[in-house]
Amino acid sequence: MAPLARGAVTQALTPDEFEEALREHVKDYHHLHPFHRRMNTGQCSPEEIRGWVANRFYYQVNIPRKDAAILSTCPDREIRRRWVQRIIDHDGTTEGTGGIEAWLRLAEAVGLTRAEVEDARHLLPGVRFAVDAYVNFTRTRPWLEAVASSLTELFAPDLMAERLAAFERHYTWIDPKELSYFRSRITQAPRDSEHGLEVVRRHCVTQETQTAALSALSFKCDVLWSMLDAIDQAYGNR
């Protein structure tokens, strides 16, 4: 299981104290998973990389769906105006643009075909279950909890920079120009996390809402950790 401490706040925190609690909650993010450690130190085989890319695609294609779920229940027009950019980033505005397209090009660069990635023939049950649980969470929980769950992005820029450097250094058989998804998230993730953090700082001001936000963030970390557990079990150490 993910190495995350859980627990309710015992009294309402100031915005700065609450932000500190959120950051503390994600410091043991899924980059500490054994599979990620191996991947970032160049120890993964081509088969492991392909398995990770194929399965992570299911998460990528569901990002716009979870963001649309948040938009559908968010009552604040200004938040919606900014949040919709996340969908645009992943779906693109025209054919051949956006993060999903960039991930498909990465899949081709590691030796997969678009067809086998898009038809989910390699999708592991554990990954499907975890991602579907996350999308369902954003559809059924209050919009503010769904926003809080997105704050795993707080450490995403550094992690993406580390991943990009690792792929360029260790996996030279992958065309470096097809690592564009990682490059784009280095700049997109700070914008997204800053907005999400701004929203929860402003709206989570009671003990109850702060506890719910921390619980939502823990749940999201567990989703990402569970995905890696499934991938590691299926492809690791072969």
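In this rough spin-label picture, where each label sits 7 Å from Cα along the Cβ direction, the Thr93-Gln207 distance is 4.8 nm.
Only protein heavy atoms count here; under a 1.4 Å probe, Cys44 has an accessible surface of about 10 Å². Using 0.36 nm per residue and subtracting the Cα-Cα separation, the extra length available between Gln233 and Thr10 on full extension is 76.5 nm.
Normalising by residue count, the stretch 29-133 has a Cα convex hull of 128 Å³ per residue. Here Ala133 and Thr73 are evaluated by their C-beta separation; at R0 = 25 Å the FRET efficiency comes out at 0.90. Considering only Ser180, Leu154, Ala130, the residue lying farthest towards the positive end of the dipole of the stretch 71-204 is Leu154, judged by Cα position with unit charges set on Cβ.
Straightening the chain between Ala165 and Glu108 buys 18.6 nm, computed as 0.36 nm per residue apart minus the Cα-Cα spacing.
Can you list the lysines whose alpha carbon sits under 25 Å from that of Lys220, skipping same-chain ones fewer than 8 residues off? Qualifying lysines at Cα under 25 Å: Lys27, Lys66. Based on Cα contacts under 8 Å between residues 6+ apart, the chain shows a relative contact order of 36 percent. With a cut-off of 20 Å on the backbone N, the residues of the stretch 81-96 near the modelled label site 7 Å out from Leu123 along Cα-Cβ are 87, 90-92.
The values are calculated or read from the model by the stated rules, or taken from the named source; none is laboratory data. Because the structure is a prediction, the values reported are computed rather than measured. Backbone-built Cβ (ideal geometry, glycine too); neighbour counts: all protein chains shown. In case anyone asks, the SASA skips ligands and DNA or RNA and just uses the protein heavy atoms, side chains included. Shrake-Rupley method; radii C 1.70, N 1.55, O 1.52, S 1.80 Å.
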